[in-house]
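Worksheet: the structure to be examined is printed underneath.
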Amino acid sequence: MREAIAQRLSATGNASALELRGVSRYFGALSAIEDVTLTVGAGERRAVLGSNGAGKTTLFNCITGDHPPTSGTIRLFGEDITDFPPHERIRRGLRRTYQISLLFGGLAVIDNIYLACRGVARARYSMVRPRRDDAVMQAAFDLAHAVHLDDVEQTPVSELSHGQQRQLEIALALAGAPRLILFDEPAAGLSPTERRDLITILRTLPDHIGYIVIEHDMDVALQVSDQVTLMHNGRIFREGSPDEIESDPMVQEIYLGTGPDHG
Amino acid sequence: MSGMQPGGPRTAAAWLLGLILLLMPAFAGDFVLFQIFGWAFILGMIALSLMFLAGYGGMVSLVQMSVAGCAAYMVAIFGDSAITQISLGWPWWITVPLAIAIATLFGTLAGALAVRTQGIYTIMITLAIASAFFYFTRQNYVVFNGFSGFNGVLPPPLFGVDWRQPVPFYYLALFFAALAYFLVLYVSRAPFGLALQGIRDNPRRMEALGFNVVMHRIAAYAFASAIAAVAGVLLVWLNAQVSPGTAGIGPVIDILIIAVVGGLGRPIGPFIGAIIYVLLRTFALDFLVSLGLSGERFQLLIGAGFLVIVFWSPDGVLGLWDRTRERIASRDRQRSPLYRAIRGQTGGPA
């Protein structure tokens with residue numbers, strides 16, 4: 001396992017995928033995250049843990065530009081993207097999924113995936129209908145297959161089960177050539193079987209694709225990450241390998257809750 | 001997405017409708033061809049441009065009639081009219097493309113102002129622009145000839161045809177209305193239209209997929225405005241005149257009524273709304289007089305019709321039609337399997 005990680009990190013070079021320096025985000029007088037400094041290497045897989053309100057999703061919103069940071073700088077693969085609109089960040093290889101699925105309910109599954117593939121390709125304004133053998137359309141079908149949604153390709157998204165919607169949510173983030181993906185609680189509401197599928201999908205992603213995953217389920221989080229960041233009250237509280245985090249007594253006391261009253 | 005299935009009853013109905021429209025001059029009089037259908041096709045195109053923005057893009061624009069009015073004015077100003085001291089008398093092949101280009105630009109700029117707002121604010125901004133256009137044309141005498149506008153604006157006698165005769169004009173309007181209809185239908189499934197529907201459903205996610213939402217919305221305004229501009233050129237030829245009242249607040253609101261009454265769900269809706277509107281507009285007066293009421297109350301009838309539609313079927317006549325079909329289909333489903341076998345229906349959702 002360790003060797004595999006080392007191999008992957010060296011294969012992708014030393015440039016860091018993401019660099020946050022002193023990033024804060026205020027909503028009025030309320031600070032959601034404060035002075036977060038974080039570096040994620042290319043191809044690195046990191047879990048972000050923390051209780052509700054720790055600022056995990058706000059951190060994601062700052063990185064993608066949904067809610068730009070109030071102060072601080074963000075670099076993506078060396079480029080300062082702090083003032084970029086979200087679509088410019090996405091076109092540079094950043095992707096994200098949402099905690100509550102944000103899909104196009106009126107459109108079919110394949111149309112959703114097609115839009116995701118089209119968004120990071122050219123000809124977004126094309127007035128010519130794609131043919132079935134169109135390269136982007138083909139990529140969409142491949143992606144539908146990869147996340148096991150080929151049976152429901154033509155089904156409107158509003159008719160999918162919760163698990164299928166979560167799978168589609170992941171498919172949208174895999175479109176094009178992602179380099180760094182932010183997964184916001186991908187396992188939320190999934191059945192044990194679906195969780196296993198999710199872990200397989202995450203662990204079999206190509207080596208050059210790094211990700212940050214917010215996850216409440218410790219089992220899932222520790223299985224899919226090389227590094228763990230623990231957030232508390234909008235600040236980074238601990239960083240380390242899954243083993244270090246698991247065995248850190250402070251972490252156990254505050255977050256994992258191994259005290260007598262937690263069974 | 002309700003696409004037409006090849007060979008279904010729907011396709012047959014579409015072919016029949018197409019045939020009737022093509023053969024209309026054989027059995028319809030000049031008045032029906034010119035004043036009813038000619039006008040309805042033009043209003044339908046302008047309402048179609050609103051349907052494209054509102055139905056696919058979620059943007060209710062009240063500026064589409066002003067875009068058509070702008071194109072109409074440009075044809076009168078650059079081309080020929082009875083107001084020879086203003087009209088430049090340029091040939092039609094410069095005038096018409098120039099008029100469409102300027103009106104499209106006007107609609108695009110209006111869109112650029114409106115796209116950063118949502119819902120009621122989009123309506124307010126576009127209404128403000130439409131009002132400004134109306135008052136500007138009424139008060140400006142140097143270019144727009146103020147209150148009286150331009151008369152004597154005639155279509156060019158291309159191919160030796162007088163295009164203002166009822167039958168040629170009918171086919172001219174039918175051609176462009178059909179072109180606009182099929183264009184919108186086609187584009188709705190092309191990346192541009194699909195992405196617009198994605199933006200309607202979920203702009204934030206579209207940003208997160210790499211789409212420039214603001215630019216895409218402005219492009220939608222440009223596309224819709226080009227359709228409205230073509231309709232505006234036809235409109236000035238139909239009436240042979242253009243004045244501030246052409247794109248006054250009344251007509252601006254009428255386009256919204258036409259689109260909503262017809263239905264914003266599919267491109268055919270605006271044309272259904274337009275034919276209903278033109279029929280009411282034309283015959284409500286006689287109808288009211290025959291009831292012994294004052295004829296000028298025809299607007300009341302239109303308003304009442306609008307109220308009824310919005311109250312009972314917020315998705316317009318189209319929605320009424322879809323629900324009726326649904327009801328018949330579900331009644332069929334409840335019948336015996338034998339009945340379904342004879343009718344050749346599977347009983348499941350199509």
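The values are calculated or read from the model by the stated rules, or taken from the named source; none is laboratory data. These numbers were taken from a predicted model, which means no experiment stands behind them. Every residue, glycine among them, receives a Cβ derived from its backbone with ideal geometry; neighbour counts consider all protein chains shown. In case anyone asks, the SASA skips ligands and DNA or RNA and just uses the protein heavy atoms, side chains included. Shrake-Rupley method; radii C 1.70, N 1.55, O 1.52, S 1.80 Å.
Considering segment A:70-91 alone, what residues qualify as being within 18 Å of the chain's Cα centre (by Cα) and in contact (Cβ under 8 Å) with a residue 40 or more places away in the chain? Of everything in segment A:70-91, those that are within 18 Å of the chain's Cα centre (by Cα) and in contact (Cβ under 8 Å) with a residue 40 or more places away in the chain turn out to be A:Ile74, A:Arg75, A:Leu76, A:Phe77.
Annotation: of all residues in segment B:75-90 being under 23 Å from B:Phe159 (Cα atoms) and modelled with pLDDT of 90 or more, the one that is most open to solvent (accessible area, probe 1.4 Å) is B:Phe78.
For the condition open to solvent by less than 60 Å² (accessible area, probe 1.4 Å) and hydrophobic (A, V, I, L, M, F, W, C), A:Ala177 does not qualify. Which ones in segment B:250-270 are more than 10 Å from the chain's Cα centre (by Cα) and open to solvent by 10 Å² or more (accessible area, probe 1.4 Å)? Scanning segment B:250-270 gives B:Gly250, B:Pro251, B:Ile253, B:Asp254, B:Ile257, B:Val260, B:Val261, B:Leu264, B:Gly265, B:Arg266.
Within segment B:240-283, the set of residues being in contact (Cβ under 8 Å) with a residue 24 or more places away in the chain, of a type outside the set (A, V, I, L, M, F, W, C) and farther than 30 Å from B:Ser87 by Cα comprises B:Gly262, B:Gly263, B:Gly265, B:Arg266, B:Pro267, B:Gly269, B:Pro270, B:Gly273, B:Tyr277, B:Thr282.
Could you go through segment B:38-57 and let me know if any residue there is farther than 22 Å from B:Ala259 by Cβ and in contact (Cβ under 8 Å) with a residue 40 or more places away in the chain. The answer is no, given that none of the residues of segment B:38-57 is farther than 22 Å from B:Ala259 by Cβ and in contact (Cβ under 8 Å) with a residue 40 or more places away in the chain. Among the residues of segment B:240-249, those identified as open to solvent by 10 Å² or more (accessible area, probe 1.4 Å) and either outside the structural domain of B:Phe52 (by TED's automatic domain parsing) or in contact with a Phe, Trp or Tyr (Cβ under 9 Å, 6 or more places away or on another chain) (or both) are B:Gln241, B:Ser243, B:Gly245, B:Thr246, B:Ile249. Looking only at residues in segment B:177-193 that are open to solvent by less than 10 Å² (accessible area, probe 1.4 Å) and out of contact with any Leu (no Cβ under 7 Å at 6 or more places or on another chain), the one that is farthest from B:Pro270 (Cα to Cα) is B:Pro191. Here is the figure for segment B:188-200: residues that are facing chain A (nearest Cβ under 7 Å) and touching a residue at least 24 places away in the same chain (Cβ under 8 Å) total 3.
B:Tyr171 - would you say it is open to solvent by 60 Å² or more (accessible area, probe 1.4 Å), of a type outside the set (A, V, I, L, M) and in a helix (DSSP H, G or I)? Spelling it out, B:Tyr171 is indeed open to solvent by 60 Å² or more (accessible area, probe 1.4 Å), of a type outside the set (A, V, I, L, M) and in a helix (DSSP H, G or I).
Okay, residues lined up against (1) open to solvent by less than 50 Å² (accessible area, probe 1.4 Å); (2) assigned by TED's automatic domain parsing to the domain that holds A:Glu34:
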site: A:His162; (1), (2): no, no
site: A:Pro192; (1), (2): no, yes
site: A:Leu205; (1), (2): yes, yes
site: A:Gly234; (1), (2): yes, yes
site: A:Pro242; (1), (2): yes, yes
site: A:Met250; (1), (2): no, yes
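Restricting segment A:129-160 to residues that are open to solvent by less than 40 Å² (accessible area, probe 1.4 Å) and not in a loop (DSSP other than H, G, I, E, B), the residue that is farthest from B:His216 (Cα to Cα) is A:Val152.
The combined condition, being within 13 Å of chain B (Cβ to nearest Cβ), of a type in the set (Gly, Ala, Ser) and farther than 16 Å from B:Ile199 by Cα, is fulfilled by A:Ala140. Quick one: in segment B:27-48, which of the residues that are surrounded by 19 or more Cβ atoms within 10 Å (Cβ to Cβ), among the aliphatic types (A, V, I, L, M) and at pLDDT below 90 is farthest from the chain's Cα centre (by Cα)? In this case the residue turns out to be B:Leu33. When each of B:Leu105, B:Leu127, B:Leu113 is tested for being open to solvent by 60 Å² or more (accessible area, probe 1.4 Å) and within 20 Å of the chain's Cα centre (by Cα), the lone residue that passes is B:Leu105.
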